[in-house]
Amino acid sequence: VYREEKSCIKPAVFPKKYCNGLAELALHQLKKLSILNAGRKEIAKHYFQAFEQTDYSLPNKTGSAVYLRFNILTKKADELRFQAKKTGMVLGNWYKNVIDPQGVDLVKAGYIKGSCPQAEKAAAGSLNLPTYPSLTKNQVNQIITFLNSIN
């Protein structure tokens, strides 16, 4: 995130063309997109099955959705992130703020703190579970086991 973006200013480097090397890399990734998306859907399926009978608030379940990040809501988000980190697990804090990333000039973004209390409450309880393509079934099961042991 560029400093200008946090002040709601478009950085001068946007938009620019990719250099040949980055363009080649992007094209290669696009060719694998359906495989990568299928993997993310499979991971999300495991999370839905594991947490449907818990106190965690899950994202809307949509068959066609690809969960770049699997966001759950819990009153213990910060504690869970902290405990997970001690075991070598990284659970994300994306969406922890009503407007992310942290440090955005809320006034310039047109947001008045306290104007959306439900959104602020949800953001505070936001916990993101990984769905990245190289995540193994064993790692997914470790995350599930960890979160179920604390729930």
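The values are calculated or read from the model by the stated rules, or taken from the named source; none is laboratory data. The model shown is predicted, which means the values in this text are computed figures rather than measured ones. For neighbour counting, all protein chains shown are included, and Cβ atoms are generated from backbone atoms with ideal geometry for every residue, glycine included. Keep in mind that these areas ignore ligands, DNA and RNA; they rest on the heavy atoms of the full protein, side chains included. Shrake-Rupley method; radii C 1.70, N 1.55, O 1.52, S 1.80 Å.
Quick notes
- Spatially close Lys pairs in the range 81-144, defined by Cα atoms under 18 Å apart and a spacing of eight or more places or different chains, total 4.
- Mean residue ellipticity (222 nm) of the chain, computed from DSSP H runs ≥ 4 via -39,500 (n - 2.57), nearest 500: -14000 deg cm²/dmol
- Computed from backbone phi with θ = phi - 60° and the Karplus coefficients 6.51, -1.76 and 1.60, the 3J(HN,Hα) list for the range 115-121 is 6, 10, x, 5, 5, 5, 5 Hz; x is used for glycine and proline.
- Stokes-Einstein diffusion coefficient of the range 1-120, Kirkwood radius over Cα pairs, 37 °C, 0.692 mPa s, in µm²/s: 184 µm²/s
- Taking Cβ atoms as reference points and 9 Å as the exclusive limit, the residues near residue 123 contribute a net charge of 0, counting Lys and Arg as +1 and Asp and Glu as -1.
- Each peptide among 26-34, 97-105 gets the average number of other Cβ atoms lying within 10 Å of its residues, and from highest to lowest they stand as 97-105, 26-34.
- The residues 3, 81, 69, sorted by heavy-atom accessible surface at 1.4 Å with ligands and nucleic acids left out, run 3, 69, 81 from largest to smallest.
- FRET efficiency, residue 75 to residue 13 (Cβ-Cβ, R0 41 Å, nearest 0.05): 0.55
- Both radii come from the Cα set of the range 48-113: Rg as radius of gyration, Rh as Kirkwood radius; their ratio Rg/Rh reads 1.03.
- Residues in the range 92-136 that a label on residue 31 would reach, taking backbone N under 18 Å of a point 7 Å out along Cα→Cβ: none
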